[in-house]
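Report on the structure given below.
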């Protein structure tokens, strides 16, 4: 009986420390948030801050988010509008997942398809997604830019 309770507690702890991801990211390895910056695992020279991450504030279908991009626009770092405060409030995963889904719909509408998505998380909290596309997604998303 004690073993069963211990296994249940360990299983609950493991689930509590796993971020809720979009279906496209299921099965993908989680990239540690501390190992992501404007230079790695890919270069993101467009609207990326080494201190705060993605800087470009956009709104797609009523959902606000921040993005940074590769030079060719085929890779974006997508996060909620306020990555640090949202994650502390526990709302960041929901906001970021909604942002991912509306961006995906908009880009598919424009003929740009996602080829890979890597979740970025730390200690069970989702920070964002590093998303790879078959076309210039960043330039398409810049049209949704908001003033900071």
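Cβ-Cβ contacts under 9 Å between residues 6 or more apart (or on different chains), taken from a first residue in region 58-75 that is at positive phi and surrounded by fewer than 23 Cβ atoms within 10 Å (Cβ to Cβ) to a second residue that is in a loop (DSSP other than H, G, I, E, B) and modelled with pLDDT of 95 or more, are listed as 73/135; 73/136. Counting residues in region 62-78 that are outside any helix (DSSP H, G or I), modelled with pLDDT under 85 and within 12 Å of the chain's Cα centre (by Cα) gives zero.
Only residues that are buried (at least 23 other Cβ atoms within 10 Å of the Cβ) and part of a strand (DSSP E or B) were counted in region 96-119, giving 1. Answer with yes or no whether residue 148 is in a loop (DSSP other than H, G, I, E, B) and either under 18 Å from residue 19 (Cβ atoms) or more than 15 Å from the chain's Cα centre (by Cα) (or both). Considered against the rule, which asks whether it is in a loop (DSSP other than H, G, I, E, B) and either under 18 Å from residue 19 (Cβ atoms) or more than 15 Å from the chain's Cα centre (by Cα) (or both), residue 148 comes out as yes. For residue 53, the conditions (1) surrounded by fewer than 24 Cβ atoms within 10 Å (Cβ to Cβ); (2) at negative phi all hold with the exception of (2). Going through (1) in contact with a strand residue (DSSP E or B) (Cβ under 7 Å, 6 or more places away or on another chain); (2) over 26 Å from residue 29 (Cβ atoms); (3) assigned to a helix (DSSP H, G or I) one by one, residue 138 falls short only on (2). Out of all the residues in region 120-143, is one or more without any contact (Cβ under 8 Å) to a residue 40 or more places away in the chain and buried (at least 21 other Cβ atoms within 10 Å of the Cβ)? The answer is no, given that none of the residues of region 120-143 is without any contact (Cβ under 8 Å) to a residue 40 or more places away in the chain and buried (at least 21 other Cβ atoms within 10 Å of the Cβ).
The values are calculated or read from the model by the stated rules, or taken from the named source; none is laboratory data. Please read these numbers as outputs of a predicted model, since none were measured by experiment. Every residue, glycine as well, gets a Cβ built from its backbone with ideal geometry; the counts of neighbours run over all protein chains shown.
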